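Here's the structure, in structure tokens; my notes come after.
Rule-based calculations on the coordinates, nothing more; no lab input. Note that the coordinates shown come from a computational prediction; the quantities given were computed from them, not determined experimentally. Heads up, the Cβs are rebuilt from the backbone with ideal geometry, glycines too, and the neighbour counts pull from every protein chain shown.
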Amino acid sequence: MKTVVSVSHPTLRHVAEAAGVSQMTVSRALGGRGRIAEATRAKIVMIAERLRYRPDPEVAKLMHHLRVRKRRQFQSVMVGLTTRRPDDQEWYFQAVVAGAAARAAGRGYGFEVVHVSPTGKNWTVVKRTLRGRGVEGVLFLPSQALVDLSGLLDWGNFSMVSASASVTGPTSHRVSPHHFDNSLMLCRNLVQGGSRRIGLVVSADHEVRTSHGFAAAVLWHGANEAAHAVPPLVIREGAELRRWFAREAPDTIIANELSSAREYARSLGLKIGGAVRFAVTSLMEEKHEGVSGIDERPGAIGGAAAEMLAGMVERRERGRPESPAVTLLNGRWVP
């Protein structure tokens, strides 16, 4: 390493000369871009600190603009990873995919959905696929069950954002429905419609996925606003549901989705649209059978996640974030 000579206004060239490397290597090392040996990166950082080198913000903005233009010209690809099959017709999943694909296209990126086996069977193929397509950004899409993909890839080489809490690893920024606010909105609108004893029934798996947002909102509403507080039921088997219903006598039952509401009604010998009202925390916008609820706006969630990911790719933000952030989007009441 050459002797580090102090200069009044150090530039990238001064750092490169002192380190015995190219200016491009210095730029990549200080910007956290490219594959550079850790020893070389550490040496460059040390020299830059000794010289008190600070990048010119106007030059930095110009280089960012040029990189973005170049990347869009040769359209980068974002990949959505999920344990669901790409042709899975589950409406929430498809709405997230559509929102993400539309926003990615608006930012000049291609978007593809890639199936990942939850057991790791096709992980080698997925790795090869992502490398072969030059993928820089990965979006974690809703999966059928909680899944940890930490061991799938070296995540330090990718920008990543999650559009679902169903992917428990690797740690990433996430865009999600505001489950607490949405559930509180649901309870308040149900009260305006005449409900007095509102009970929530939710599976243990879904309760974990939503960070207990549904139950927390219903409990808060019961303690502070409701005429009668009904304790939520985290359900594991059918007998629990029947005992809870007999004990608490709710006049309204909140489920997480329409299929669950139908299942609970069938188990209790009730009829959708009958004396006991049913509502759901995630309802399609289109016509539904006498069930009110919250449209969680999954298309907007997918779009916001893709927008966040595009920004990270363009800023070369790679790997697990030190301080993972969660962006919460409010839904809307569907009577």
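Please list, or write none, the aspartates and glutamates whose alpha carbon is within less than 14 Å of the alpha carbon of residue 271, excluding same-chain residues fewer than 8 places away.
251, 263, 289
If you place +1 on the Cβ of every Lys and Arg, -1 on the Cβ of every Asp and Glu, and leave all else neutral, what size is the dipole of the chain about its Cα centre, to the nearest 20 Debye?
Numbers: 45 positive and 31 negative charges, 286 e Å.
For the chain, the charge dipole is close to 1380 debye.
Tell me the net charge near residue 169. Cut-off is 10 Å between Cβ atoms, residue 169 excluded, with +1 for each Lys or Arg and -1 for each Asp or Glu. Kindly include the intermediate steps, with their values, before the conclusion.
Numbers: positive: 320; negative: 148.
Within the 10 Å Cβ shell, the charges total 0.
Considering every Cα-Cα pair within region 125-193, what fraction, in whole percent, is farther apart than 14 Å? Walk me through the intermediate numbers first.
Details: 1562 of 2346 pairs.
Considering region 125-193, 67 percent of its Cα-Cα pairs are separated by more than 14 Å.
As an exercise, identify the GluC sites (Glu not before Pro) in region 170-276 lying in DSSP coil whose Cβ has no more than 10 other Cβ atoms within 10 Å.
On the way: sites: 207, 225, 237, 240, 248, 257, 263; in loops: 225, 237, 257.
Within region 170-276, the qualifying GluC sites (Glu not before Pro) (loop, at most 10 other Cβ atoms within 10 Å) are 237.
Amide H of residue 197: which non-local residues (sequence gap of 5 or more, or other chain) have their own amide H closer than 5 Å, using H built in the peptide plane?
It is 251, 252, by chain and number.
Could you work out the relative contact order of the chain, using alpha carbon pairs under 8 angstrom and six or more residues apart, expressed as a whole percent? Display every interim value, and only then the final one.
Numbers: 592 pairs, mean separation 64.3, N = 335.
With pairs under 8 Å counted, the relative contact order is 19 percent.
Calculate the tail of P(r) for region 179-295: the fraction of all Cα-Cα distances greater than 22 Å, expressed in %. Display every interim value, and only then the final one.
Numbers: 1558 of 6786 pairs.
Counting pairs separated by more than 22 Å, the tail of P(r) holds 23 percent.
Arranged by the count of other C-beta atoms within 10 angstrom, fewest first, what order do 180, 111, 214 take? Don't skip to the answer; put the middle values down first.
Values: 180 19, 111 22, 214 27.
Result, fewest neighbours first: 180, 111, 214.
Once Rh for the chain is found with the Kirkwood sum over Cα pairs, what is the Stokes-Einstein diffusion coefficient at 10 °C and 1.306 mPa s, in µm²/s? Don't skip to the end; give the middle numbers.
On the way: Rh = 22.7 Å.
Translational D for this selection: 70 µm²/s.
Using a 7 Å offset from the Cα along the Cα-to-Cβ direction at both residue 322 and residue 251, what is the distance between the two label points in nm, to one decimal?
5.5 nm
Largest first, please: the extent of the C-alpha atoms of region 117-158 along each principal axis, to the nearest Å.
28, 19, 15
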